[in-house]
Amino acid sequence: MLSSLRPREKVSFKLHLVYSVLEGFCLGVIALNEFVFVKSLQGSAVQLGFLFQFSMLVFLFLVLFNEFLRRIPNKRLLLRYTVLISRLPLFILLFFPHHQESDIVSGLWHSLFLALFFLYYLGSPILFPSVNLLLRQNYSVNNFGKLYGFATSVNKVVMLIVTFLYGLLLDYDRNAFTYILPFVSVFGVVSGFVLSRVPYAPVLESLKPDGICVSVRKSLDNMLSVLKHNVAYRHFEIGFMLYGFAFMSTTTVIVLFFSDGLQMNYSGIAFYKNVYNIGAILLLPVAGNWIGILRPRRFSVIAYASLALYLLSLILTLSFPYYFSFLGIDIYWFLIPYLLFHSVFAATMPILWNIGSSYFSGDQNVGLYQEIHLSLTGFRALFSPLIGIWLYLVFGFAITFAIGILVLLIAIAFMIWSYQNQRLPDQIDL
C-alpha cells in the first residue's frame, strides 16, 4: 500500500496510523468509563446521566468553536493546545484513592471525575474537524477513503483489545482506573502532537470585518434558514431528534441495567461491548453501500429499527433472565439477539450520523449542514439523558426502554411518510 503513495501521503499516513493506535488505546479505556463511574466510584444514576450528557452537550459550542477554528491560521498549534488543555488534566486521576480496599464514595471525587471528563469532551468540537482538515490536505481523492478506512480499522482493533484487557484488570482491581486513565491523559496528548506533525499548509483567508458575536449570529440565521427552506432535510433532522431522544434517554439506563440489574462484572461488560463492535466492523462495508442505495431517510429506518429491537431484547432479558456460563461470562439467551441488533445499529448509525446530512446539500454547503446536525445533537443532550434517568427512577427499566421503542416507532413512521411524500425535485435526497 505504501509503495504506491506519494511522499507527502506516505508521511501523513504513517503519522495518521500512529495517531489511530494511540487513540484506539484511549477509546478502549473510555468505553468502560460509565461502568467505572457506577461500579468503582459508586456514582449515582443522576450523576451518570451528567457524565453521558457531557459527551454530547459539547456540540452546542460547535458554532462558536468553528468561528475560532476559521480565524486561527496555525491549526497545528491549536491542535496541540487543545489536547493539552482537554486531556492533560486526566492525569489528576492518579491522585484518586487507588487501594483495592478503599471505597471511593466521596462527593468530591465524583464531582472532580465529572469535571475532568467535561473538560476532556470539550476538546471534541475542535479535534474532530481538525483531524479531517489535516488529512484532507494530504490524501488524494482516490486514496482518502482507503487510507482513512484502514487507519480506522486499526483504531477499532486496538480499542477492542484494550477494552477486553481493561475489563479483566478492573475485575482484579476495581480501582485500576486511577492508574490506567492517566495513561489516557499521556497517550491523548501524544496522539494530538503526532497528528499535528502531519504536513499542513495554512489557508489564508481575508480578514472578516464582523466580530465573533456577529459571525455566530449569522451562522445561526443560516442554520434556521436551511431548516426552514429545505423540507426534506428538516424532516431528516426531526427524525433524528426523535431517535436522539430515544438513544440518549436509554443509554445511561442500559449501563445501570448491566451493572445493577444483571450484576455483571467488568469482563462480562467488556465481552458484550466487543462482540457487537466486532459485528459492526464486519457490517460497515455493507452499510456504506446501503446508504448510497437507500438514501438517508430510508436508511435511517434500518438504524432506528435495530435500536428498537435491541431495546426489546433488553426487556425480554429482564422478563426471562435465563443464561449459561462460558469462560466465566454469563451469556443471557435474550442478549444474543441484542448483540445482533446492536451490531447492525453500531454499523449503520455512525455512517448516518457522520455523512447523512451531506445528501441534502450541495458541495459548498456540506459543512453548514453537518454543523446544524451536530448542534442539534448538543441541543437534545440538554434534556434527553436526564429525562431517561428520571423515567428509570420512577418507572424502572422496562418502561424506560418501552418508551424509547415507542419514540423510535414514531421516528420510523415519520421517515417512511417523509420519503414517500416529500421527494422534492430541488433536493439531492431523491
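Can you report the principal axis dimensions of the chain using only the alpha carbons, biggest first, rounded to whole angstrom?
60, 51, 47
Cα-Cα over 30 Å: which of LYS228/LYS273; LYS14/LYS218; LYS39/LYS75; LYS75/LYS156; LYS156/LYS218; LYS39/LYS146?
Checking Cα-Cα distances, LYS228/LYS273; LYS14/LYS218; LYS39/LYS75; LYS156/LYS218; LYS39/LYS146 exceed 30 Å.
Which order, highest average first, do 374-386, 304-316 follow once you tally other Cβ atoms within 10 Å for each residue and take the mean per peptide?
304-316, 374-386
Given a Förster distance of 35 angstrom, what is the FRET efficiency for ALA413 paired with ASP260, based on the Cβ-Cβ distance and rounded to 0.05?
0.55
Using Cα centres only, tell me the gap between the stretch 30-59 and the stretch 266-295 in whole Å.
Computed from Cα coordinates, the inter-centre distance equals 23 Å.
Could you tell me the largest-minus-smallest coordinate of the C-alpha atoms of the stretch 1-200 on each of the three principal axes, in descending order and whole angstroms?
56, 36, 24
Subtract the Cα-Cα distance of LEU393 and ARG6 from 0.36 nm times their separation in residues, and report this length gain in nm to one decimal.
Here the answer is 133.6 nm.
Per the Kirkwood treatment, what hydrodynamic radius in Å, one decimal, follows for the stretch 1-81 from the mean inverse distance over all distinct Cα pairs?
16.4
Select from the chain the helices, each a whole stretch of DSSP H, whose alpha-carbon atoms run 27 Å or more along the helix axis and whose Kyte-Doolittle mean is at least -1.0; answer none if there are none.
Helices meeting the criterion: 7-30, 141-172, 231-256, 266-294, 296-319, 335-355, 397-421.
With the crude spin-label approximation of a point 7 Å out along Cα→Cβ, what separation in nm comes out for ARG217 versus PHE150?
5.0
Which three semi-axes in whole Å describe the equivalent ellipsoid of the stretch 266-350, each the square root of 5 times a Cα gyration tensor eigenvalue, listed largest first?
Ellipsoid half-lengths, sorted descending, are 27, 15, 7 Å.
Which order do the peptides 194-200, 220-226 come out in when sorted by mean C-beta neighbours inside 10 angstrom, highest first?
Per-residue Cβ counts within 10 Å, averaged per peptide and sorted highest first, yield 194-200, 220-226.
Considering just Cα atoms, how many Å³ per residue does the convex hull of the stretch 212-423 enclose?
134
What per residue convex hull volume, in Å³, do the alpha-carbon atoms of the stretch 166-315 yield?
Residue-normalised Cα hull volume stands at 229 Å³.
At a Förster distance of 30 Å, what's the computed FRET efficiency of LYS228 paired with PHE128, Cβ-Cβ distance as r, to 0.05?
With a Förster radius of 30 Å, E is 0.65.
Compute the projected area of the convex hull of the Cα atoms of the stretch 223-307, averaged over all viewing directions, and report it in nm² to one decimal place.
For the Cα atoms of the stretch 223-307, the hull's average projected area reads 7.1 nm².
With n ≥ 4 as the cut-off for DSSP H runs, can you work out [θ] at 222 nm for the chain, using -39500 (n - 2.57) per run divided by the number of residues, rounded to the nearest 500?
About -25500 deg cm²/dmol.
Ordered by packing density, taken as the mean number of other Cβ atoms within 10 Å over each peptide's residues, highest first, how do 46-54, 80-88 rank?
46-54, 80-88
Read-outs throughout are calculated quantities, based only on the coordinates presented, and are distinct from any laboratory measurement. In this text, all values refer to a predicted model and were calculated from it rather than measured experimentally. All Cβ positions, even for glycine, are placed from backbone atoms using ideal geometry, and neighbour counts span all protein chains on display.
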